[in-house]
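For reference, the structure is listed below as structure tokens.
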Amino acid sequence: MQQNNQRIAYFSSEIAFDPRVPNYAGGLGVLAGDTIRAAGDLDIPLVGVTLLYKKGFFFQELTADGTQIEHPAHWAWDDFVKDTSTTVELQIAGRTIKVKAWEYQHKGISASIPIVCLDTDLPGNSDYDRQITDFLYGRDNEYRMFQELILGIGGARILDALGYNIGKYHMNEGHSAFIALELYRQAKEANPTFDPDALLHVVKERLIFTTHTPVPAGHDKFPLSRVKSTIPFVPQEFEADITQDGMLNMTLLALHFSNYINGVAKKHGEVSRGMFPGYPIDSITNGVHSATWTSLHMQKVFDKHISGWRKDSHSLRSAANIPKEEIAEAHKLAKEEFIEFLNSRKNAGFDRDYFTIGFARRATPYKRADLLLSDISRLLNIHEHIGPIQIVYAGKAHAKDQSGKELIRKIFQIREPLKERLRIIYLDNYDMISAHLLVSGCDLWLNTPRPPMEASGTSGMKAAHNGVPQLSTLDGWWLEGYIEGKTGWAIGDTTPGDDLSHQLSLYEQLEKIVPLFYNQPDIWTDIMRTCISLNASFFNSHRMLQQYVANAYIK
Ligand SMILES: *Cc1c(COP(=O)(O)O)cnc(C)c1O
């Protein structure tokens, strides 16, 4: 595809390359990992670049009242990554920072994909500099700026030092946008006679930018004066384009220097065009890696009926011909395993026959984890008079997100007096391993973001791979994936709606869904099968990466 052994450099501040490695915080990192996994199956020549966070994101402890405590997540990094013995030295902020490359190899079905992990914990670096790569999303804004300088500038230079021949650079979110300044510096050095617009053109040919969130906190900003005193090569001609109120905006930097830009669902493309008028923002809807997110029981069913599905997720389309009983049985086994885990490890007291609702995502207000609990008497009425239910929550709040943490405590508070009547559990330390159990072991996947805040969302796609339908507000990927009563259900409609209208719609839908589950198993298994044949066959990372290849990488 690329000439001369060229590779696409895929930059991401987090990459979930192994479920045991806490080098990710949530959706962004899991998506990056699923992208690498797709590249390994499809033999797309990518090289991943990220930081080696020796203290990880964090381990979430929840106290009895639901207070979140963050612990460093230590891991045996030397078991996973290999020493390349390659280092580069960056002249930053008037000092030299040494950066070392470790390498992880993802062995896919068709190819091995390297991931370069950058590390500043090296003798010779100052105490502060040695800690730059310790924590994912830790500490203050200055620390974040240093991390992003290491990722963007250190990453670009270390790829050269490692001998990679890079065609294009794909920035997965704006954290790595300093690449643009490094490529601009290199272009200027190589073409001293070019004017700024010609140099801009040279850089744009090589840069691809994927934006991931309409939430303002997701767009990093650093004081321009601080950036300029740290790296001496911010091109003055473009300062105005990338700065707002004296702050260099990493999203604007990435937008201004990229030829191909995309949002992560059709709706998110639209929302992003509204946020950043004047930039040609396309969309490529996210997907998940099918084999990674399908339970072993469902994998066996796919192996039996759909040849080649691991290498070509589109072929999950023919799940429409799998006998329904086999899908129902595979789900039953996955659910039993999940409930067994909840009961024996978490003392949940769950019933393996009850209708089980799952809600797992970052705890932050716009995701409205508490919407399901907003009218307890109506919820209890469903449980006691329509059909028994039980509810599993999981999700971390960012360390500085006080309202996210408050939300977790609120769920604990609501749950406490209900204990004898309705089982609700909040699973601690949501990660890839518990996510795998959750998305395959629940009967219904619930998602309640306040539109249009959810760029895409991916956990509902994981659920679809396991034949688990979703009930969600119409936002992100669900606008493309929902067919009412066939692949799941909508909360509210495509008008914005408010909390109250969504609350009413949520309960109305549950009052229809719960009887369907208990009284019409044949229709229910039909829905499960349709989730796989219509949604798993499309909302997967094979299709997603192929769209990046066609629309961005080979342009
Ligand atoms: C898939 C996943 C996410 C992202 O889920 P969303 O639906 O996009 O919020 C977050 N954390 C973990 C551990 C995951 O596996």
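The values are calculated or read from the model by the stated rules, or taken from the named source; none is laboratory data. Because the structure is a prediction, the values reported are computed rather than measured. Note that we place each Cβ from the backbone using ideal geometry, even for glycine, and neighbour counts take in every protein chain shown. For the accessible areas, the whole protein counts, side chains as well, though only heavy atoms, and no ligand, DNA or RNA atoms are used. Shrake-Rupley method; radii C 1.70, N 1.55, O 1.52, S 1.80 Å.
In table form, for the structure just shown:
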{"quantity": "Subset of segment 413-438 (residues that are over 19 Å from Gly26 (Cβ atoms) and either open to solvent by 10 Å² or more (accessible area, probe 1.4 Å) or within 12 Å of the ligand (Cβ to nearest atom) (or both))", "calculated": "Gln413, Ile414, Arg415, Glu416, Pro417, Leu418, Lys419, Glu420, Arg421, Arg423, Ile424, Ile425"}
{"quantity": "Check on Asp498, over 27 Å from Ser318 (Cβ atoms), among the charged types (D, E, K, R) and more than 16 Å from the ligand (Cβ to nearest atom)", "calculated": "yes"}
{"quantity": "Any hit, segment 375-388, residues being within 16 Å of Leu62 (Cβ to Cβ) and either in a strand (DSSP E or B) or of a type outside the set (Asp, Glu) (or both)", "calculated": "no"}
{"quantity": "Test: Ala463 is within 15 Å of the ligand (Cβ to nearest atom), farther than 21 Å from Leu506 by Cβ and either open to solvent by less than 20 Å² (accessible area, probe 1.4 Å) or in a loop (DSSP other than H, G, I, E, B) (or both)", "calculated": "no"}
{"quantity": "Residue check, Arg362 more than 16 Å from the ligand (Cβ to nearest atom) and either open to solvent by 30 Å² or more (accessible area, probe 1.4 Å) or over 17 Å from Asn466 (Cβ atoms) (or both)", "calculated": "no"}
{"quantity": "Residue in segment 7-26 that is crowded, with 19+ Cβ neighbours inside 10 Å, part of a helix (DSSP H, G or I) and either away from the ligand (no atom under 16 Å from the Cβ) or of a type in the set (A, V, I, L, M, F, W, C) (or both) present", "calculated": "no"}
{"quantity": "Identity of the residue in segment 200-226, touching a residue at least 24 places away in the same chain (Cβ under 8 Å) and assigned to a helix (DSSP H, G or I), that ends up most open to solvent (accessible area, probe 1.4 Å)", "calculated": "Arg226"}
{"quantity": "Matching entry among Asp526, Asp493, Asp475 (being more than 25 Å from Gly48 (Cα to Cα), of a type outside the set (Val, Ile, Thr), crowded, with 21+ Cβ neighbours inside 10 Å and in contact (Cβ under 8 Å) with a residue 12 or more places away in the chain)", "calculated": "Asp475"}
{"quantity": "Sole exception among (1) more than 17 Å from Ala369 (Cα to Cα); (2) at pLDDT 95 or above; (3) not in a helix (DSSP H, G or I) for Ala490, by number", "calculated": "(1)"}
{"quantity": "Residue in segment 33-47 that is of a type in the set (Asp, Glu) and more than 11 Å from the chain's Cα centre (by Cα) present", "calculated": "yes"}
{"quantity": "Failed item in (1) modelled with pLDDT under 95; (2) assigned to a loop (DSSP other than H, G, I, E, B); (3) surrounded by fewer than 20 Cβ atoms within 10 Å (Cβ to Cβ), with Ala73 passing the rest", "calculated": "(3)"}
{"quantity": "Where Gln60 falls short, out of the listed (1) within 16 Å of the ligand (Cβ to nearest atom); (2) touching a strand residue (DSSP E or B) at 6+ places or on another chain (Cβ under 9 Å); (3) not in a strand (DSSP E or B)", "calculated": "(3)"}
{"quantity": "Test for Asp34: is it open to solvent by less than 40 Å² (accessible area, probe 1.4 Å), over 30 Å from Asn347 (Cβ atoms) and within 15 Å of the ligand (Cβ to nearest atom)", "calculated": "yes"}
{"quantity": "Evaluation of Arg450 against (1) open to solvent by 30 Å² or more (accessible area, probe 1.4 Å); (2) away from the ligand (no atom under 16 Å from the Cβ) (one fails), failing number", "calculated": "(2)"}
{"quantity": "Selected residue (criterion: farthest from Trp102 (Cα to Cα)) from residues of segment 114-133 that are open to solvent by 10 Å² or more (accessible area, probe 1.4 Å) and in a loop (DSSP other than H, G, I, E, B)", "calculated": "Ser126"}
{"quantity": "Some residue of segment 395-407 being within 13 Å of the ligand (Cβ to nearest atom), small (Gly, Ala, Ser), within 30 Å of Gly269 (Cβ to Cβ) and in a strand (DSSP E or B)", "calculated": "no"}
{"quantity": "Filter result (within 24 Å of Leu149 (Cβ to Cβ) and open to solvent by 50 Å² or more (accessible area, probe 1.4 Å)) within segment 37-70", "calculated": "Lys55"}
{"quantity": "Yes/no for Leu333 being away from the ligand (no atom under 16 Å from the Cβ), more than 29 Å from Phe412 (Cβ to Cβ) and free of Cβ contacts under 8 Å to residues at least 40 places away in the same chain", "calculated": "yes"}
{"quantity": "Test: Ser505 is surrounded by 22 or more Cβ atoms within 10 Å (Cβ to Cβ) and either assigned to a helix (DSSP H, G or I) or under 19 Å from the mean Cα position of the chain (by Cα) (or both)", "calculated": "no"}
{"quantity": "Some residue of segment 439-447 being surrounded by fewer than 18 Cβ atoms within 10 Å (Cβ to Cβ) and either within 26 Å of Lys332 (Cβ to Cβ) or not acidic (Asp, Glu) (or both)", "calculated": "no"}
{"quantity": "Leu248 being away from the ligand (no atom under 16 Å from the Cβ), more than 28 Å from Val439 (Cβ to Cβ), touching a residue at least 40 places away in the same chain (Cβ under 8 Å) and of a type outside the set (S, T, N, Q)", "calculated": "no"}
{"quantity": "Residues being closer than 15 Å to Val288 by Cα, part of a helix (DSSP H, G or I) and open to solvent by less than 30 Å² (accessible area, probe 1.4 Å) - total across segment 534-555", "calculated": "8"}
{"quantity": "Checklist (1) farther than 21 Å from Val234 by Cα; (2) without any contact (Cβ under 8 Å) to a residue 12 or more places away in the chain applied to Asn172, failing item", "calculated": "(2)"}
